[in-house]
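The values are calculated or read from the model by the stated rules, or taken from the named source; none is laboratory data. It should be emphasised that the depicted structure is a prediction, and the values quoted were computed from it without experimental measurement. With ideal geometry, Cβ positions are generated from the backbone for all residues, glycine too; neighbour counts draw on all protein chains shown.
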């Protein structure tokens, strides 16, 4: 069954080196991300990312590469290297602060875990390293936040991230959009452009994650940042790296979820995979659509967990023949049967086939727009970013 009725061909993604899934050809826009754009972080070396334990002589710093053990590095980063500016937000186990580098003068976001029980420190360090490893592998994509450094001081663990989003998170952005009743001049155009471009750009970022064998597992507006009028994925604390497993499917008890945006198979602790990310992103797209076109959705759809409302509302609470291309993608993405949902690459292809730059930022459209739409597949990119 095709994910979109109007899309004639399926887009394949390539498995990163080391996976058991074999080699497939990536969609053209993803290949261009790798072929035309130099990585923001040199993934074969520590680069600008320093994982450091500050309470040691010399510098014992875990190098993030593969499943690397702790190795020594030259630079030690610790809390004295950064000055607290203001609190940005709180999560379930961490807080996020704006800090300024005392040596660089640059602003960063610091995700910090404090007062970890002594018996849990080693496990917390392992989770932090896994989160950093994931972000480093995803660093080449321009819609994903980057790691600058990390440090561990006794029972305090921190990841230094960049950039600091100057537009806040998408949840706040959408709230502010709803609350403003009067829009004038270019303000409305700028805000509308950001939200329309979020459809293609978030799909692009997710397609890249999945091609790198990463499931985000907690896609929601609070984990999408707005910076320089474009979107960035953040918070990979729950993410799953399935490169060694060879498949994305997991079972058993779900360790963490956001009920409002999770897929039904996640809420039911069933078999979940990359299609669960697709459902969550579809729910985010519903909220974006609801502020752009507030009269088109049933209000009840926004009242509770999306998977529950989609089950009980007529036509899933979604408009029929509304004329907006993103609704075709949303309908496919939030199907309750996970096997009938599109892949992220298919969602990108759907928006690209519309042949409108409306759904992508300039950087994404520069790659998507130049491709021949009849050629869905291209030769495999030599090498790998992993």
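Could you say whether any residue in region 262-269 is surrounded by fewer than 20 Cβ atoms within 10 Å (Cβ to Cβ) and in contact (Cβ under 8 Å) with a residue 12 or more places away in the chain? Spell out how you get there, then give the answer.
Of all residues in region 262-269, those surrounded by fewer than 20 Cβ atoms within 10 Å (Cβ to Cβ) come to 267-269.
Within this subset, residues satisfying the condition of being in contact (Cβ under 8 Å) with a residue 12 or more places away in the chain are 267, 269.
Yes, region 262-269 contains at least one residue that is surrounded by fewer than 20 Cβ atoms within 10 Å (Cβ to Cβ) and in contact (Cβ under 8 Å) with a residue 12 or more places away in the chain.
For every residue, the table says whether it meets (1) at pLDDT below 90; (2) in contact with a helix residue (DSSP H, G or I) (Cβ under 6 Å, 6 or more places away or on another chain).
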| site | (1), (2) |
| --- | --- |
| 315 | no, no |
| 332 | no, no |
| 341 | no, yes |
| 361 | no, yes |
| 364 | yes, yes |
| 370 | yes, no |
| 377 | yes, no |
| 382 | yes, no |
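Yes/no matrix, rows are residues, columns are (1) modelled with pLDDT under 95; (2) within 15 Å of residue 138 (Cα to Cα):
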position	(1), (2)
214	no, yes
233	no, yes
237	yes, yes
244	yes, no
251	yes, no
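Only one of 294, 319 is over 23 Å from the mean Cα position of the chain (by Cα), within 23 Å of residue 277 (Cα to Cα) and either at pLDDT below 90 or outside the structural domain of residue 258 (by TED's automatic domain parsing) (or both); which? Quick ask: steps written out before the conclusion?
Values: 294 fails: within 23 Å of residue 277 (Cα to Cα).
Checking each option against the conditions leaves just 319.
Among the numbered criteria (1) closer than 30 Å to residue 108 by Cα; (2) in contact with a helix residue (DSSP H, G or I) (Cβ under 9 Å, 6 or more places away or on another chain); (3) not in a helix (DSSP H, G or I), which one does residue 278 miss?
Tallying (1) closer than 30 Å to residue 108 by Cα; (2) in contact with a helix residue (DSSP H, G or I) (Cβ under 9 Å, 6 or more places away or on another chain); (3) not in a helix (DSSP H, G or I), residue 278 fails exactly one: (3).
Mind counting the residues in region 321-367 that are outside any loop (DSSP other than H, G, I, E, B) and either farther than 30 Å from residue 268 by Cα or in contact (Cβ under 8 Å) with a residue 40 or more places away in the chain (or both)?
Residues of region 321-367 outside any loop (DSSP other than H, G, I, E, B): 325-333, 338-340, 344-353, 357-359, 362-367.
Adding the requirement that they be either farther than 30 Å from residue 268 by Cα or in contact (Cβ under 8 Å) with a residue 40 or more places away in the chain (or both) leaves 325-326, 328-330, 332-333, 338-340, 344-353, 357-359, 362-367.
Residues in region 321-367 being outside any loop (DSSP other than H, G, I, E, B) and either farther than 30 Å from residue 268 by Cα or in contact (Cβ under 8 Å) with a residue 40 or more places away in the chain (or both): 29 in total.
Which residues, taken from region 81-127, are in a loop (DSSP other than H, G, I, E, B) and in contact with a helix residue (DSSP H, G or I) (Cβ under 8 Å, 6 or more places away or on another chain)?
If we filter region 81-127 for residues that are in a loop (DSSP other than H, G, I, E, B), which is where we start, we get 91-94, 102-106, 114-117.
The answer is 102, 103, 116.
Are any of the residues in region 155-165 surrounded by 18 or more Cβ atoms within 10 Å (Cβ to Cβ), more than 16 Å from residue 97 (Cβ to Cβ) and at pLDDT below 95?
no
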